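What follows is calculated from the coordinates using simple rules that are stated; it is not laboratory data. All values reported here derive from a predicted model rather than from experimental measurement. Neighbour counts run over all protein chains shown; Cβ positions are idealised from the backbone, glycine included.
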Amino acid sequence: MYILTRRWRCLTAALVLAWAAAGCGNESARAPNPPRYAWPDSFAYRLEYAEATQSAAGVVSRLQETGVLRFAVRNDRYLVWSDSLSKVRMQAAGAVGEALNPEDTLHYLVRLGRLGEFDDVVPDCDPTVGACAAAFPSALPMELRRIIPRLPVWWPPEGHVWADTLVFNDLPRPGAARGAVLTEYRVTGDTTLAGRRYWIVGWHSMRQAWRPSGGTMLPDPITHEYGDVLVDQKRLMPVYAQWYGAVPAPASLRSMGVTGTGYRGRAWLAGSGLDSLAVMR
């Protein structure tokens, strides 16, 4: 469903070739799995996201987003916010800037755990303000889960998976749903890139949501998402993440011939050894 742009193909190819050149393989038996994260007082991830909405005739529109997700310690939590966020929608008539969502404009307070938990996620704003009241509570946790794998308390036998469940409820906001995202993880190996060692954590998530309709709750189709994360073995932090998925079009768009939307996202830890990939074109 998803059609890659030349820029995305180049980025993907560069990373795959780098892993291959480094002799990437399933070496988890010869090295420990990620034990615990070590979060510094401040850090940031550069983000890139692209999606393509399609019909039977081809691509209807494309959306490209870029920005920076920043973290800074505030007492016993992190203040988290989006910086330099840009959204551009490309259609047959040309490219136009897309409005930001309410959650894109807010600062959040988040308690980051050493196992990749993020608890007590609350907007750092007055709940009576329109943007604060309209923001989807699940937006930031879902974004963080793509970048920060949840680590298990006890590691399973080599080759086995562990799981994490993220429950969300965005009701009663317009167009919102409630449900859960089940993510299964597996350490697929470790590798060396430019002299640094990384664990490779692969994941697959399944999202089930229910929406109100006619006084009852109806289920959305289950959607699947896939991703990989590189965790720096020295810094004990995720330094690179990539993910992709697709969602079917809602009934209102299917009647217009739209079949669905495919998407891909990437995140780089700013200042890491892989940060140079973020400026490749």
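Points to keep in mind about this one:
- In order along segment 70-76, phi translates into HN-Hα couplings of 9, 10, 9, 5, 9, 6, 9 Hz, rounded to whole numbers, per the Karplus curve 6.51 cos²θ - 1.76 cosθ + 1.60 with θ = phi - 60° and x for Gly and Pro.
- Taking 0.36 nm per residue of separation and subtracting the current Cα-Cα distance, fully stretching the chain between Ala163 and Ser213 would add 14.9 nm.
- Using C-alpha pairs under 8 Å with a sequence gap of at least 6, the mean separation divided by the residue count of segment 6-279 gives a relative contact order of 19 percent.
- Between segment 120-140 and segment 205-281, the C-alpha centres lie 21 angstrom from each other.
- FRET efficiency for the Leu109 to Thr66 pair, using the beta carbon distance and R₀ = 25 Å, is estimated at 0.50.
- Nonlocal amide H pairs with Leu171, under 5 Å, H built at 1.01 Å: Ala177
- Among Tyr108, Tyr49, a tally of other beta-carbon atoms within 10 Å of each Cβ gives an order, fewest to most, of Tyr49, Tyr108.
- Charge dipole (debye, nearest 20) of the chain; +1 at Cβ of Lys and Arg, -1 at Cβ of Asp and Glu: 620 debye
- Computed from the C-beta positions of Ala92 and Trp154, the FRET efficiency with R₀ = 51 Å rounds to 0.40.
- Over the chain: helical MRE at 222 nm, DSSP H runs n ≥ 4 each giving -39500 (n - 2.57), nearest 500: -3500 deg cm²/dmol
- Segment 149-203 - charge dipole about Cα centre, Lys and Arg +1 at Cβ, Asp and Glu -1, debye rounded to 20: 180 debye
- Residues His204, His160 in ascending order of nearby Cβ atoms (within 10 Å, fewest first): His160, His204.
- Seen against the Cα atoms of the chain and their longest principal axis, helix 6-21 is set at about 20 degrees.
- Listed values [x] 73, 61, 46; [y] 55, 48, 40; [z] 55, 45, 36, entry calculated as Cα extents along the principal axes in Å: [z]
- Result for the chain in a Gaussian network model with C-alpha springs under 10 Å: among Ala93, Ala135, Ala177, the largest mean-square fluctuation is at Ala93.
- Dipole size of segment 137-281 about its Cα centre, with +1 on Lys/Arg Cβ and -1 on Asp/Glu Cβ: approximately 260 debye, rounded to the nearest 20.
- From most to least packed by mean Cβ count within 10 Å, the peptides 33-41, 98-106 give 98-106, 33-41.
- Relative contact order computed over segment 34-155 (Cα-Cα under 8 Å; 6+ residues apart), in percent: 19 percent
- Difference of contour (0.36 nm per residue) and Cα-Cα distance, Asp83 to Thr128: 13.9 nm
- For the chain, with +1 on Lys and Arg beta carbons and -1 on Asp and Glu, the positive-most of Pro212, Leu79, Met142 along the dipole: Met142
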